[in-house]
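Accompanying notes for the structure given below.
The values are calculated or read from the model by the stated rules, or taken from the named source; none is laboratory data. Everything numeric in this text was worked out from a predicted model, so none of it was measured. Neighbour counts run over all protein chains shown; Cβ positions are idealised from the backbone, glycine included. We work out accessible area using only protein heavy atoms, side chains counted, and drop any ligands, DNA or RNA first. Shrake-Rupley method; radii C 1.70, N 1.55, O 1.52, S 1.80 Å.
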Amino acid sequence: MNAGSSGHGSAASVKINFSRLVAYSTLQLPLAMAALPVVLNVSHFYGEVLKLSLAVMGPIFIFARIVDAIQDPVIGLISDRFTRRGPRGRLTFVALMIPVLAGGFYMLFDPPDVWFGNQTLMAVWLVAALLLIHFGYSGVSISYHAHGAELTDDYNERTKVTVGREVFGLLGFAVAVVLPTILTDRKLFGETDGYMVLGLLFLPIVVLFSLPTLLGAGPSVHPPVVHGERNAFIAFFAPLKNPLFRRLLLVFVVNGAALGVAVTVMLFYVEHVLKGTNKHAGMILLTYFFAGAVSVPLWLLLSRRLGKAGAWFVGMILTAIAMGTAFLCGPGDFYWFLAISVVTGIGLGADYGLPPSILADVINSTEGGDTKGKTGTYFGLWALATKLATALGAAGSLPVAAALGFNPARGHYSPLALIIVYIALPLTIKLIAAILIWFIRIEAERGSVRDEMIGRP
């Protein structure tokens, strides 16, 4: 089948005009803005500012993540059931979950002043806030992304939808890096009040950027989803019957683990290898996400020539090459590493823009059998896989660093250990992902990258 055709009628192969694309995409900005502080800032805010014991915070984070992972397939199934309410049914579910997301983010950074210093009450508040924001985030993102996959069945238009969405997402990440840095500066609000202002500012932002999506994204071109399986557990994991989905998940999790490793030790690397400060780390992250946002449309153009998997493969190799040059960085090489971050950020654009578009094709492939078109269920498992990839990377990086000689608790600060964990380990994982995508077929309408680029002997 030609890559530019969808194999569906003209009603399904609708073209998404620019205004509708922007309207759909805007919601991704507050979603990204909500996601990053939960990873980067919450532990610092509760540990350093509010003085909640790290020994208490660790089990809380683990518990919240377990609940978060379990609920994703359930939310996907609920999203599918909302399609019975009409072609905008998933957006109805999004609208119901947005207040939950906003309330959870506000709770997370605005705990009651009278509870400061009370370990038990602050721990209870943190648990409640994390459960609420994870529930709201999953509820919004899964149904929102599933609706995007159903706006059209055209091969290239699906890529355009994910590209538009992820441009706003990467801009949201950039906002999430800059805003806490500005607000918590001692010359403005300081750390305690700065984080509380962040929680307040998120409320108008999520309203402002969600309204265009809810009002202007338009209807799904798919019929209502009907789940014939009465056993909920089997229904949750039914998409795994699709061989293309299993292969795509394998590549996605392996590739995502590389980012999970790097993010976990990034601040340590900047401080102890580059001898930089938190401001240097902020500049690196801002450059990284901005480069990713700018590059996403370029990956759309490349995917039209090489296919989506082929363009993703190029992004992996580009990132691996840039990461390899980071072996040459040492103390004081901040600007050299900033240039490397531009290139790895461009690779990030491929990681964010292309896999969801491939997934949208896979959902509607003939290989899916009776799971074909059950978009919410697929995206529920996709969200679970996203968190699994990050968790695998995070869980593996710190023990490896400690084993190699970086353990602040014992006064061990080996720069070599950080170089291995921050550069060598993610580089190896990224190359494994590239090898997988080279040899196995993950696209519904094309062969493997090897087939497409050089053909079979």
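Annotation: amide H of residue 413 within the under-5 Å range of 407, sequence separation 5 or more or interchain, hydrogens built in the peptide plane.
Kirkwood Rh, Cα Rg: Rg to Rh for the stretch 228-334? Can you show the working numbers first?
Numbers: Rg = 18.9 Å, Rh = 17.0 Å.
Ratio of gyration radius to Kirkwood radius: 1.11.
Only Lys, Arg, Asp and Glu carry charge here, each on its Cβ (+1 for the first two, -1 for the last two); on that basis the stretch 70-192 has a dipole of about 260 debye about its Cα centre. For the chain, the residue among 300, 416, 208 whose Cα projects farthest onto the positive side of the dipole built from Cβ charges is 300.
If you roll a 1.4 angstrom probe over the protein chains with everything in place, what fraction of the accessible area of the chain belongs to carbon and sulfur, to the nearest %? Don't skip to the end; give the middle numbers.
Values: 12990 of 18770 Å².
Ligands and nucleic acids excluded, carbon and sulfur give 69 percent.
When the alpha-carbon atoms of the stretch 265-315 are used, the pair Rg, Dmax equals 15.4, 42 angstrom.
Rolling a 1.4 Å probe across the protein heavy atoms gives the chain an accessible surface of 41 Å² per residue. Ranked by the mean number of other Cβ atoms within 10 Å per residue, highest first, peptides 433-441, 373-381, 153-161, 185-193 order as 373-381, 153-161, 433-441, 185-193. Can you tell me which lysines have their Cα less than 26 Å from the Cα of residue 160? Leave out same-chain residues fewer than eight positions away. The reachable lysines, counting only those whose Cα sits under 26 Å from residue 160, are 15, 308, 372, 374, 387, 430. With a/c under 1.5 counting as rounded, go ahead and sort the stretch 205-285 into rounded, prolate or oblate using the C-alpha gyration tensor (a ≥ b ≥ c being the square roots of the eigenvalues; past the cut-off, prolate if a/b is larger than b/c, else oblate). It comes out oblate by the Cα gyration axes.
The structure-derived value of Kirkwood radius over Cα pairs in Å appears in the list [x] 24.5; [y] 23.9; [z] 22.5 under the label [z]. Screening the chain for whole DSSP H helices with an alpha carbon extent of at least 30 angstrom along the helix axis and a mean Kyte-Doolittle hydropathy of at least 0.5 yields 54-82, 89-109, 119-149, 155-183, 190-216, 243-272, 278-306, 375-404. Measuring spread by the Cα atoms of the stretch 112-241 yields a radius of gyration and Dmax of 19.9, 60 Å.
Only helical runs count toward this figure. For the chain, summing -39,500 (n - 2.57) over DSSP H runs of n ≥ 4 and dividing by all residues gives -24500 deg cm²/dmol at 222 nm.
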